[in-house]
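Undergrad: This structure is in structure tokens; I'll ask about it shortly.
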Amino acid sequence: MDSGRTEVFIGYRVHHSTALGPTKGGLRYDAEVNLGEVTALAMLMSWKCALMGLPYGGAKGGVRCAPRTMSAREREHLTRRYTAEIILMIGPDLDIPAPDLGTDEQVMAWMMDTYSMTQGKSVPGVVTGKPLIVGGSAGRREATGRGIVYVLYQAAKSLGQELRGKRVVVQGFGNVGSVAARMLWRDGCIVAGVADFRGGIWNPHGIDIRQLEVHVAETGSVAGFPGTDAVTNAELLEQPCDILVPAAVGSVIHERNAERVRAQIVAEAANGPTTPEADAILRDRGVTVIPDILCNAGGVVVSYFEWVQGLQYYFWKESEITSRLQELMARAFTRVWNAAQKNGVDLRTAALMEGVRRVADAHVVRGLYP
Ligand code: NAD
């Protein structure tokens, strides 16, 4: 640490399945990181990659730490040490980490550099979500947020509704939440509530997201944005709205608050924001839940594009990436929507059926060896 003290951190990297290809999944820095959660998230990545038709199995990593209290130098030390510890587990054709909660482009650059130094050459394909200058992809940072909005367009269309004019609440204003909020606001939705780790803000008539971005850049949080009322994170989830986008941490919608969620659509931007008990309550109440493995898959889709570009050393234009992302998200949504109708199940079950089936098919055709 900067103080000269040595601190021990606990970290994990879990590979869940290699049936469809090398593993892929984010790396999170968070105080709640534990082996059970990382393992569950790795499994979700397997179903997500399979559902999206990507040639990957699922993985996930995490280090239990409080990134917001650490200096850049401390985060760099932590990242390089973690990378060195898992170096035999990662590689462009083995396992490819990406950013997640509490990690960003800079963390990916440090990981890529640490790995490359041990190989004696630059290996851009070992991580995705890198800065552009070292082989990142145009549109990767915005990909997850964009994907959520594309899926919401499809959902509204399938429900015979218009997205424009809908009242939206977004929990989390990081990489994912801020991009989704900005796009929905730009496309004519009323973004009435936003929250981050310090708390939430609420204005039923809508929040100017461009000005909110300036406020966040200056103060580090959405809290205290002029013209809004302060609400807690718990209160924010229960505000009257059409669309709720939980884009922060897991298990925020649970059996104690699911009855009070007033949105008609819950777009799961975060991984696992709804507990199974809450999921059943929302389903019984007729709320359309767009499951995480579909809703937030835009990130891994553009990560896939980044990996392909890195392997070929040939980089695409942002417009090309965005239109391919839109096509893949729309196609996946339609597949899941149709499967749900056909089998008489909700969207989560349909998405899981599709993802699990593809992994199972790959296992069957490959056979069991040794
Ligand atoms: P981030 O670190 O950039 O942003 C997280 C946001 O959530 C911040 O605004 C933070 O203040 C807020 N937050 C953190 N803890 C909170 C808490 N306890 N209560 C309320 N707000 C809290 O992370 P991100 O990359 O935007 O990821 C957000 C979620 O989306 C995570 O669940 C992640 O697994 C999921 N996800 C991210 C990607 C991606 O491409 N980054 C892809 C798929 C899924």
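All of the numbers you see were taken from the coordinates with simple rules; none came from a lab. Everything numeric here is computed off the predicted structure, so don't read it as measured data. Because the Cβ atoms are built from the backbone with ideal geometry, glycine has one as well, and the counts that use them run over all protein chains shown.
Undergrad: Binning at 20 angstrom from zero up to the longest distance, how are the C-alpha pair distances of the chain distributed in percent?
TA: Distribution as computed: 30, 60, 10, 0 percent.
Undergrad: Now, a different point. For a quick check, take a GNM of the chain with Cα springs below 10 Å and name the residue from 253, 90, 133 with the largest mean-square fluctuation.
TA: Sorting by GNM fluctuation, first place goes to 133.
Undergrad: Using only alpha-carbon positions, what ratio does the radius of gyration of the stretch 208-284 give when scaled by 2.2 N^0.38 Å?
TA: Compared with the compact-globule rule of thumb, the stretch 208-284 sits at 1.21.
Undergrad: Sticking with this one: Report for the chain the percent antiparallel among DSSP-assigned beta bridges with both residues inside it, nearest 5.
TA: Approximately 35 percent, going by the DSSP bridge assignments.
Undergrad: Let me ask something additional. Taking chymotrypsin sites (Phe, Trp or Tyr not before Pro) as exposed when DSSP calls them loop (any state but H, G, I, E, B) and at most 10 other Cβ atoms lie within 10 Å, what is the longest stretch of the chain free of them, the sites themselves excluded?
TA: The segment 1-312 is the longest one with no such site.
Undergrad: Would you mind classifying the stretch 216-338 by shape? Square roots of the alpha carbon gyration tensor eigenvalues, ordered a ≥ b ≥ c; an a/c under 1.5 is rounded, otherwise it is prolate if a/b is larger than b/c and oblate if not.
TA: Oblate shape, in that a/c is at least 1.5 and b/c is the bigger or equal ratio.
Undergrad: Let me ask something else. May I ask you to list the GluC sites (Glu not before Pro) in the stretch 188-286 that are in a DSSP loop and have at most 13 other Cβ atoms within 10 Å of their Cβ?
TA: Here the sparse-neighbourhood loop sites are 255.
Undergrad: Taking θ = phi - 60°, what integer Hz values does the Karplus form 6.51 cos²θ - 1.76 cosθ + 1.60 yield along the stretch 338-343, in sequence order, with x for Gly and Pro?
TA: Each residue of the stretch 338-343 in turn: 5, 5, 5, 4, 5, 9 Hz.
Undergrad: Continuing with this model, one more query. Spin-label point model (7 Å from Cα, Cβ direction): what's the residue 361 to residue 262 distance in nm?
TA: 4.4
Undergrad: Subtract the Cα-Cα distance of residue 88 and residue 158 from 0.36 nm times their separation in residues, and report this length gain in nm to one decimal.
TA: Taking 0.36 nm per residue and subtracting the Cα distance, the gain is 20.6 nm.
Undergrad: Quote the relative contact order of the chain in percent (integer), defining contacts as alpha-carbon pairs under 8 Å separated by 6+ residues.
TA: Computed over the chain, the figure is 17 percent.
Undergrad: Okay, next question. Mind checking the full-extension length gain between residue 319 and residue 369? Use 0.36 nm per residue of separation minus the Cα-Cα distance, one decimal, nm.
TA: Contour length minus the Cα-Cα distance gives 13.7 nm.
Undergrad: Moving on to the next point. How big is the stretch 1-154 by the Kirkwood estimate over distinct Cα pairs, in Å?
TA: After inverting the mean inverse Cα-Cα distance, the result is 15.9 Å.
Undergrad: Choose one answer from 91, 227, 58: the residue with the largest mean-square fluctuation in a GNM of the chain with alpha-carbon springs under 10 Å.
TA: 227
Undergrad: Right, next: Taking the Cα centroid of the stretch 295-370 and of the stretch 103-177, what is the distance between the two, rounded to the nearest whole Å?
TA: 15
Undergrad: What trypsin sites (Lys or Arg not before Pro) does the stretch 270-370 have in DSSP loop regions with at most 10 other beta carbons within 10 Å?
TA: When the trypsin sites (Lys or Arg not before Pro) of the stretch 270-370 are filtered for loop state and at most 10 Cβ neighbours within 10 Å, 317 remain.
Undergrad: Another question, if that's okay. Using R₀ = 41 Å, calculate the FRET efficiency as 1/(1 + (r/R₀)^6) where r is the Cβ-Cβ separation of residue 116 and residue 334; round to 0.05.
TA: Calculated transfer efficiency: 0.55.
Undergrad: Could you work out how far the C-alpha centroid of the stretch 216-275 sits from that of the stretch 18-70, in angstrom?
TA: For the stretch 216-275 versus the stretch 18-70, the Cα centre distance is 23 Å.
Undergrad: Which ³J(HN,Hα) values in Hz, rounded to whole numbers, follow from the phi angles of the stretch 93-110 under the Karplus curve 6.51 cos²θ - 1.76 cosθ + 1.60, where θ = phi - 60° and Gly and Pro get x?
TA: 10, 10, 7, 10, x, 8, x, 8, 3, x, 10, 8, 4, 5, 4, 5, 5, 5
Undergrad: How much net charge surrounds residue 33 when only the other residues with a Cβ under 13 Å from the Cβ of residue 33 are counted, with Lys and Arg +1 and Asp and Glu -1?
TA: Every neighbour counted, the sum reads 0.
Undergrad: Further question: Apply 1/(1 + (r/R0)^6) to the Cβ-Cβ distance of residue 6 and residue 35, taking R0 = 25 Å, and write down the FRET efficiency to the nearest 0.05.
TA: Given R0 = 25 Å and the Cβ-Cβ separation, E is 0.60.
Undergrad: Please sort by residue number the trypsin sites (Lys or Arg not before Pro) in the stretch 73-182 whose DSSP state is loop and whose Cβ has at most 14 other Cβ atoms within 10 Å.
TA: 121, 164
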